[in-house]
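Worksheet: the structure to be examined is printed underneath.
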Amino acid sequence: MDFKFTPEQEMTRKMAKEFAEKEIEPIAAEIDEKEVFPEKVIKKMGELGLMGVFIPEEYGGAGLDTVSYALAEEEISKASASVGVIMSVNNSLVCDPLYKFGNNEQRSKYLKPLASGQKLGAFALTEPNYGSDAAGIECKAVKEGDFYILNGNKQFITNGKEAKIFIVFARTGTKEQRHRGISAFIVEKGFKGFKVGKEEKKLGIRGSSTTELIFNNCTVPKENLLGTENEGFKIAMFTLDGGRIGIGAQALGIAQAAFEASVKYSKERVQFQKPISNFQAIQWMLADMATEIEAARLLILKAAYLKDKGEKEEYIKLSSMAKLYASEVAMKTTIKAIQIHGGYGYTKDYPVERYFRDAKITEIYEGTNEIQRIVIARRVLKNF
Ligand code: CAA
């Protein structure tokens with residue numbers, strides 16, 4: 001067993017950290033406050049290979065591994081969770097399934113521009129009436145000659161406003177077939193009958209767009225079926241297993257940022273003639289934060305390592321554990337960070353209120369933590 005990173009992994013972490021500190025952190029509060037999509041930052045991240053970290057270079061990616069991706073995702077999210085989710089969705093939810101299930105033509109046409117950061121991608125599974133129960137989705141795809149005709153709505157789609165390429169899940173079978181009647185499609189913005197609907201106003205991750213998608217007799221060429229017909233649910237599940245590593249790392253970045261801000265503040269803030277870090281009440285909070293953050297990091301890195309090794313069954317469980325634990329650590333840590341900052345923590349003069357608002361979504365998207373517990377419990381019960 002070796003807890004050391006490879007030189008490549010270490011280099012990726014360092015590069016992402018330096019980039020995040022120099023280019024993202026100074027504008028993170030503004031991105032949140034003004035709800036602006038950080039276009040220039042995302043463009044530069046594409047040039048650095050951060051939009052397709054584990055995709056081979058021949059398809060526009062950086063050709064690194066999932067561990068490197070998790071390390072980079074943590075550093076980027078530490079500076080801005082909004083930038084973190086834009087990166088995570090493009091890498092995990094769009095590039096990963098295109099690489100795994102796409103044919104050579106689809107990889108050349110769609111994966112290359114996405115992994116190199118020239119275009120942004122989005123993943124469209126959730127619908128107004130089907131979130132956790134993904135096998136129930138109602139958006140329909142009917143084959144007519146050389147096209148599939150899509151009808152229905154998608155909800156809460158990250159990157160919806162700026163994305164040019166969408167992985168869309170739709171029902172090709174009957175409702176009774178549940179997960180066995182779903183297919184995945186590659187849809188371009190600009191396809192006839194496809195438009196972006198309402199944009200959500202959110203509590204956190206306000207620099208990333210979350211939109212509705214509307215398909216009204218949308219014509220999708222049959223070549224844009226990803227994988228085989230009715231294989232869509234498994235594609236979605238495979239994709240989310242990887243995505244949960246990204247969201248775990250995003251949550252970890254938020255927690256690490258809140259922890260570091262708390263250490264700094266507790267050393268500066270003087271009460272009763274002493275820095276508050278001298279008081280055991282604060283020390284115990286910092287000790288718990290540090291311990292839980294370290295445990296979350298180990299879970300995420302183990303999940304990433306198992307994905308790289310191709311240990312599918314074990315990795316599915318670990319990625320759910322990593323997302324579940326890291327998101328709850330992010331929530332607990334950011335609450336403590338505000339407490340340590342006292343009244344100042346409740347204001348926008350310090351970043352901890354942003355970390356707190358950003359942390360909450362990590363317990364919800366890419367499978368609520370209740371769903372993660374279902375995934376983990378099913379695998380635990382199967383194995384003993
Ligand atoms: N990999 C491959 N196959 C899988 C799988 C996996 N991880 N998990 C399940 N399957 C297979 C099963 O083996 C089963 O196959 P068979 O029919 O051949 O036996 C089939 O899929 C159905 O599995 P289940 O019976 O377990 O299905 P279920 O209806 O009980 O649902 C669930 C399982 C885990 C609850 C699933 O519905 C789920 O993950 N829900 C959450 C959805 C989700 O995460 N949405 C997030 C939206 S995207 C997002 O949030 C992005 C963003 O904005 C950032």
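The values are calculated or read from the model by the stated rules, or taken from the named source; none is laboratory data. Please read all numbers here as calculations on a predicted model, not as lab measurements. Backbone-built Cβ (ideal geometry, glycine too); neighbour counts: all protein chains shown. Please note that ligands, DNA and RNA were not included when accessible areas were found on the heavy atoms of the full protein model with its side chains. Shrake-Rupley method; radii C 1.70, N 1.55, O 1.52, S 1.80 Å.
Please identify which residues in region 237-265 have an amide N closer than 11 Å to a label point set 7 Å out from the Cα of residue 378, following the Cα→Cβ vector.
Once the point is set 7 Å along Cα→Cβ of residue 378, 237-238 turn out to lie under 11 Å by backbone N, inside region 237-265.
Helix 352-361 against the longest principal axis of the chain: what's the angle in degrees, Cα atoms only, rounded to the nearest 10?
30
Helix 369-383 against the longest principal axis of the chain: what's the angle in degrees, Cα atoms only, rounded to the nearest 10?
Long axis of 369-383 versus the principal axis of the chain: about 80 degrees.
If the cut-off is a Cα-Cα distance under 28 Å, which lysines reach residue 274, setting aside same-chain residues fewer than 8 apart in sequence?
264, 332, 336, 348
Return a whole-number percent for the relative contact order of the chain, with Cα pairs under 8 Å and 6 or more residues apart as the contact set.
Values: 785 pairs, mean separation 62.0, N = 384.
16 percent.
Let a ≥ b ≥ c be the square roots of the eigenvalues of the Cα gyration tensor of region 122-232; is it rounded (a/c under 1.5), or, if not, prolate (a/b larger than b/c) or oblate?
oblate
Tell me, in nm to one decimal, what length is gained between residue 200 and residue 281 on full extension, where the rule is 0.36 nm per residue of separation less the Cα-Cα distance?
Numbers: separation 81, 0.36 × 81 = 29.16 nm, distance 3.92 nm.
The span from residue 200 to residue 281 would gain 25.2 nm if fully extended.
For residue 269, list long-range residues whose amide hydrogen, built 1.01 Å from N in the peptide plane, is under 5 Å from its own amide hydrogen.
Close amide H contacts, sequence-distant or interchain: 276.
I'd like to know how region 7-120 sits against the 2.2 N^0.38 Å rule of thumb: what's its Cα Rg over that expected value?
1.02
I'd like the Karplus ³J(HN,Hα) series for region 38-53: coefficients 6.51, -1.76, 1.60, θ = phi - 60°, whole numbers in Hz, and an x wherever there's a Gly or Pro.
Values per residue, Gly and Pro as x: x, 4, 5, 4, 5, 4, 5, 5, x, 5, 7, x, 7, 9, x, 4 Hz.
Can you tell me, using C-alpha contacts under 8 Å and at least 6 residues apart, the relative contact order of region 130-251 as a whole percent?
Here the relative contact order equals 30 percent.
For a quick check: with amide H placed at 1.01 Å from N, whose amide H comes under 5 Å from residue 231's, ignoring anything fewer than 5 positions away on the same chain?
It is 184, by chain and number.
On a 1.4 Å probe surface of the protein chains, which of 241, 133, 2, 146 comes out largest in accessible area, and what is the full order?
Numbers: 241 15, 133 65, 2 120, 146 90 Å².
Reading off the accessible areas and sorting them downward yields 2, 146, 133, 241.
In terms of modelled amide H atoms, which long-range or inter-chain residues lie less than 5 Å from the amide H of residue 213?
Here the answer is 154, 155, 197, since their amide H atoms fall under 5 Å of that of residue 213.
What accessible area per residue, rounded to a whole number of Å², is obtained for region 250-384 using a probe radius of 1.4 Å? Write out the running numbers ahead of the final one.
On the way: 6870 Å² over 135 residues.
Here the per-residue accessible area is 51 Å².
Using DSSP loop states and a limit of at most 12 other Cβ atoms within 10 Å to flag trypsin sites (Lys or Arg not before Pro), what is the longest stretch of the chain containing no flagged site? Before the final figure, lay out each step's value.
Working: sites that count: 4, 192, 201, 348.
So the longest stretch without any such site is 5-191.
Give me a comma-separated list of calculated 3J(HN,Hα) values for region 274-283, in order, Karplus coefficients 6.51, -1.76, 1.60 applied at θ = phi - 60°, integers in Hz, x for any Gly or Pro.
Each residue of region 274-283 in turn: 9, x, 5, 5, 6, 8, 5, 4, 6, 4 Hz.
Under a 10 Å cutoff between Cα atoms, tell me which one of 197, 207, 310 has the largest fluctuation in the Gaussian network model of the chain.
Its mean-square fluctuation being the largest, the pick is 310.
Looking at the calculated P(r) for the chain, what percent of the C-alpha pair distances fall above 28 Å?
On the way: 32036 of 73536 pairs.
Here the tail beyond 28 Å accounts for 44 percent of pairs.
For residue 57 paired with residue 133, estimate the spin-label separation in nm (one decimal), with each label point 7 Å from Cα along the Cα-to-Cβ line.
Each label point is offset 7 Å from its Cα along the Cβ direction, giving 4.9 nm.
Please compute the contact order of region 241-382 in relative form: average sequence separation of alpha-carbon pairs under 8 Å and at least six residues apart, divided by the residue count, as a percent. Walk me through the intermediate numbers first.
Numbers: 187 pairs, mean separation 48.2, N = 142.
RCO, region 241-382: 34 percent.
Please list 3J(HN,Hα) in residue order for region 171-183, calculated via the Karplus relation 6.51 cos²θ - 1.76 cosθ + 1.60 where θ = phi - 60°; whole Hz, with x for glycine and proline.
7, 9, x, 8, 4, 5, 6, 6, 5, 7, x, 10, 10
Setting aside same-chain residues fewer than 8 positions from residue 307, which lysines have a Cα under 18 Å from its Cα?
List returned: 4, 100, 234, 317, 323.
With runs of 4+ DSSP H residues as the only contributors, calculate the mean residue ellipticity of the chain at 222 nm using -39,500 (n - 2.57) per run, divided by the residue total and rounded to the nearest 500.
Details: 12 runs with 190 residues, N = 384.
It lands at -16500 deg cm²/dmol.
What whole-number value in Å² describes the accessible area per residue of region 44-130 for a 1.4 Å probe? Don't skip to the answer; put the middle values down first.
Details: 2540 Å² over 87 residues.
So region 44-130 comes to 29 Å² accessible per residue, rounded to a whole number.
Separation of region 281-300 and region 222-236 by C-alpha centroid, Å?
41
Work out, step by step, the length gained on full extension between residue 161 and residue 18: first 0.36 nm times the residue separation, then minus their alpha carbon distance; give nm to one decimal.
Numbers: separation 143, 0.36 × 143 = 51.48 nm, distance 2.84 nm.
The span from residue 161 to residue 18 would gain 48.6 nm if fully extended.
When the accessible area of the chain is computed with all protein chains present and a 1.4 Å probe, what percentage of it is carbon and sulfur? Show your work: numbers first, answer last.
Details: 9400 of 17360 Å².
Of all accessible area on the chain, carbon and sulfur atoms account for 54 percent.
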